[in-house]
Amino acid sequence: MTSQNQPDYDVAVIGAGMGGIYASHQLRQKGFTAHGIEAASDVGGVWFHNRYPGARVDIEPYYYCLFDPEVYREWVWTERYPAQPEILAYLNWVADKFGTRDHYEFNTWMTGAIWDPALDLYVISTDKGSSFTARFLVMATGQLSKSRKPQFAGLDDFAGEWFQTAHWPDHDVGLAGKRVAVIGTGSTGIQTATALAGVASELLVFQRTANFSVPAHNAALDREAYDAYALDPAGLLSQLLAGASGTIMPTYEGLAASFTPQEQQRLLEDRWAFGGHSMNMIFNDQGSNMEANTVVAEFVRDKIRGIVTDPETAAKLLPYDHPVGTRRLVVDTGYYEIFNRDNVTIVDSSADPIERITEQGIQTGGAHYDVDVIIFALGFQAYTGALENANVSNEKGDRPTEKWSRGPQTYLGLMTHEFPNMFVIAGPGSPSTLSNVSVANTQHIHFVTDLLCHMAERGLTRVEPSESAQDAWVAHIADLAKNMLRLQVDNYMVHVNADDNSRVFMPYPGGVAAYVEKCEAIVADGYAGFEFS
Ligand code: NAP
């Protein structure tokens, strides 16, 4: 470790997922030294850990990718919605190409990062007993990386095997012919259940809340479309940054009431046939007007009724307790169809909650289910979990999330006041997972790299957002979110204050284009809201 004002590295990049790989590359391209830390044994981030059966991306790889022209042109995706092994192979290939591994320590956990105000640098320590210094800290630790651990009573008594989807082993766990329970029906649980229906002898899907799921219509990649995008990946990125969600898919058609019921049905059928998240963007007011939302919700419920042949099973699967799209829409590959199989059962654990795990299986209030394997797909402590884990502290010894007890406090979702030189990639307060996160990551990484170049050119060594700029940003997000149906529904994007039930929407809800415009205006105004020294 250096004892002078010069740090060992310009930047410490924490995490080697898609964001970390690109951040490290981009920073090095611009002449900065960047040293990475990654707890896993290799690159991949969420795609390294979430290798559960059926894991696949739910947006198309034309734009869920890196936009580096060479990478874009050379990699050949096979599917419209690639599965986890293909995405992990891609990230490994990119890491080879970028020489990422030469700049990372793997199997290494950052145990602390302490800001030294005299030297304007972080002292970073690891669980290997080593430490180094870096002027800047880039937290590419992901928004959905701290998983919710199963906390069911009796889990230690279970005689069978249990797994968490977010920490899936790197070997075949041998589920064929076994009685398997999946607990959780978010995107992860639905993908897992769909993949295991034809593998397990018996599959029990424990559903606490019925979610809306729409078909992906997975298929071979449209190579012609890909090749057309590959002609100009930079142009593609600009197009994505000028849109609402960082994707290219059919978008808003108008207010629901501006169409006749027949026209509405035609639009809905078209979107169902297209598949995926485009279902979220048919009527401009479906996210804010309950009547408009119900048109879409009832259409999806009708589809579920049409797919699931047993009416009693279908009734359990119908989501009624939240408007469609207010929890992240699930994109599936034959989910509702699995319930037409004799070996698959939906267990309504809101009507009959899980009481405990026993030696033989799962005990609910009214029944006992014998199983050989339990799979927990319980979700994540989104947005704040990884930062809480990271043990970053400022000169007063505060942690970044300590002041977030009433919701995240950031400027642009990138920085938080009193934590100089620490950047969070796609953090709360930015479009993040509300948009295509690979576009969100890219935009943030470009912003940070440009900011560091700006500082280097001027000999500046310290930056943090002013408290007033941060307060204004938090207020701006609250204002944008106040009429959203999504704010009223419990989901991982909403922080609920326990004392007064007040709600804080965590990602930036104004859309990618509006966010980018704000960022550009701030840069044009000499990085307004950032304080340098
Ligand atoms: P999630 O959407 O938060 O779902 C967690 C599930 O676990 C819910 O069904 C929840 O029930 C249930 N659960 C949690 N605690 C429980 C308990 N104590 N008892 C019973 N049930 C419990 O998490 P996720 O499925 O991992 O998805 C999170 C996000 O990751 C997605 O929205 C998406 O952004 C991303 N993701 C993307 C993909 C993809 O690209 N294809 C795949 C997977 C995940 P309640 O709803 O009742 O709380």
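A short reminder: the numbers here are calculations on the coordinates, not readings from a lab. In this text, all values refer to a predicted model and were calculated from it rather than measured experimentally. Positions of Cβ are backbone-derived with ideal geometry, glycine not excepted, and every protein chain shown enters the neighbour counts.
Need one number: nm distance between label points at TRP272 and ASP302, each 7 Å from Cα along Cα→Cβ, rounded to one decimal.
Rounded to a tenth, the inter-label distance reads 0.7 nm.
Restrict the search to the range 318-419; then list the GluC sites (Glu not before Pro) that DSSP places in a loop and that have at most 14 other Cβ atoms within 10 Å of their Cβ.
Sites meeting the loop and neighbour criteria: GLU359, GLU395.
Could you grab the relative contact order for the range 1-114? Cα pairs under 8 Å, six or more apart, rounded to a whole percent. Provide the component values of the computation, followed by the final result.
Numbers: 140 pairs, mean separation 37.6, N = 114.
In percent, rounded to a whole number, it is 33.
Kirkwood hydrodynamic radius of the range 28-144 from all distinct Cα pairs, in Å?
Across the range 28-144, the inverse of the average 1/r is 16.2 Å.
When every alpha-carbon pair in the range 91-242 is counted, what percent end up more than 19 Å apart?
Every Cα pair in the range 91-242 considered, those over 19 Å come to 75 percent.
At 7 Å along the Cα-to-beta-carbon direction for both VAL523 and ARG399, put a label point, then send me their distance in nm to one decimal.
Inter-label distance under the simple model: 3.4 nm.
Report the per residue volume, in Å³, of the convex hull enclosing the C-alpha atoms of the range 181-299.
So the per-residue Cα hull volume is 152 Å³.
With the cut-off at 1.5 for a/c, could you classify the range 381-493 from its C-alpha gyration tensor as rounded, prolate or oblate?
Details: a/c = 1.74, a/b = 1.41, b/c = 1.24.
Prolate.
Tell me which DSSP H helices of the chain clear both cut-offs, 24 Å or more of axial length from alpha-carbon atoms and a mean Kyte-Doolittle hydropathy of at least 0.0. Walk me through the numbers on the way to the answer.
Working: long enough: 290-307 (25 Å, 0.11); 437-458 (31 Å, 0.24).
Both cut-offs are met by 290-307, 437-458.
Taking a spot 7 Å from the Cα of THR251 along the direction of its beta carbon, which residues of the range 486-508 have an amide N less than 19 Å from it?
508
Would you compute the Debye intensity of the range 39-97 from its alpha-carbon atoms alone, equal scatterers and no solvent, and pass along log10 I(q)/I(0) at q = 0.13, 0.19, 0.24, 0.25 Å⁻¹ to two decimals?
Each listed q corresponds, in turn, to -0.31, -0.67, -1.05, -1.12.
For the chain, what is the number of Lys pairs with C-alpha distance below 27 angstrom, counting only pairs 8 or more positions apart or on separate chains?
Taking the chain as the scope, the lysine pair count is 15.
FRET efficiency for ASN501 and PHE106, Cβ-Cβ distance as r, R0 = 51 Å, nearest 0.05?
0.75
Whose amide H sits under 5 Å from the amide H of VAL424, counting only residues 5 or more places off or on another chain, with H placed in the peptide plane?
MET139, MET415
Which of ILE21, ILE304, ILE346 has the fewest other C-beta atoms within 10 Å, and how do the rest follow up to the most? Don't jump to the answer; show the numbers that get you there.
Numbers: ILE21 30, ILE304 20, ILE346 23.
Listing ILE21, ILE304, ILE346 from fewest to most nearby Cβ atoms yields ILE304, ILE346, ILE21.
Quick one: VAL424, VAL496, VAL463, fewest Cβ neighbours within 10 Å first, how do they rank? Can you show the working numbers first?
Working: VAL424 32, VAL496 11, VAL463 21.
Neighbour counts put them in this order, fewest first: VAL496, VAL463, VAL424.
Hey, got the Cα dimensions of the range 430-533 along the principal axes, in Å, largest first?
46, 29, 19
Taking the simple approach of a point 7 Å from Cα along Cα-to-Cβ for both THR209 and ASN483, what is their distance in nm?
Taking the two extended label points, one gets 2.4 nm.
For THR309 and HIS167, what does the FRET efficiency come to when R0 = 41 Å and r is the distance between their Cβ atoms, rounded to the nearest 0.05?
Values: r = 36 Å, r/R0 = 0.87.
Efficiency for this residue pair is about 0.70.
Treat the count of other C-beta atoms within 10 Å as a stand-in for reagent exposure and order ASP172, ASP58 from fewest to most.
On the way: ASP172 8, ASP58 19.
With the fewest neighbours first, ASP172, ASP58 line up as ASP172, ASP58.
Can you work out D for the chain in µm² s⁻¹ from Stokes-Einstein, where Rh is the Kirkwood radius over C-alpha pairs, the temperature is 4 °C and the viscosity is 1.567 mPa s?
D, rounded to a whole number, is 53 µm²/s.
Restricting the count to DSSP beta bridges whose residues both fall in the chain, what percent are antiparallel, rounded to a multiple of 5? If you can, show how the numbers build up before the last one.
Details: 26 of 65 bridges.
Among the beta bridges of the chain, antiparallel pairing accounts for roughly 40 percent.
Find the relative contact order for the chain and round it to a whole percent, using C-alpha pairs within less than 8 Å whose residues are 6+ positions apart. Don't skip to the answer; put the middle values down first.
Working: 1076 pairs, mean separation 103.0, N = 533.
Relative contact order of the chain: 19 percent.
What is the sum of charges, Lys and Arg at +1 and Asp and Glu at -1, for the other residues whose Cβ falls under 15 Å from the Cβ of LEU119?
Computed value for this residue: -3.
Calculate the translational D of the range 180-225 in whole µm² s⁻¹ from Stokes-Einstein, where the hydrodynamic radius comes from the Kirkwood formula applied to all Cα pairs, the temperature is 10 °C and the viscosity 1.306 mPa s. Before the final figure, lay out the partial values.
Working: Rh = 12.3 Å.
So the translational diffusion coefficient is about 130 µm²/s.
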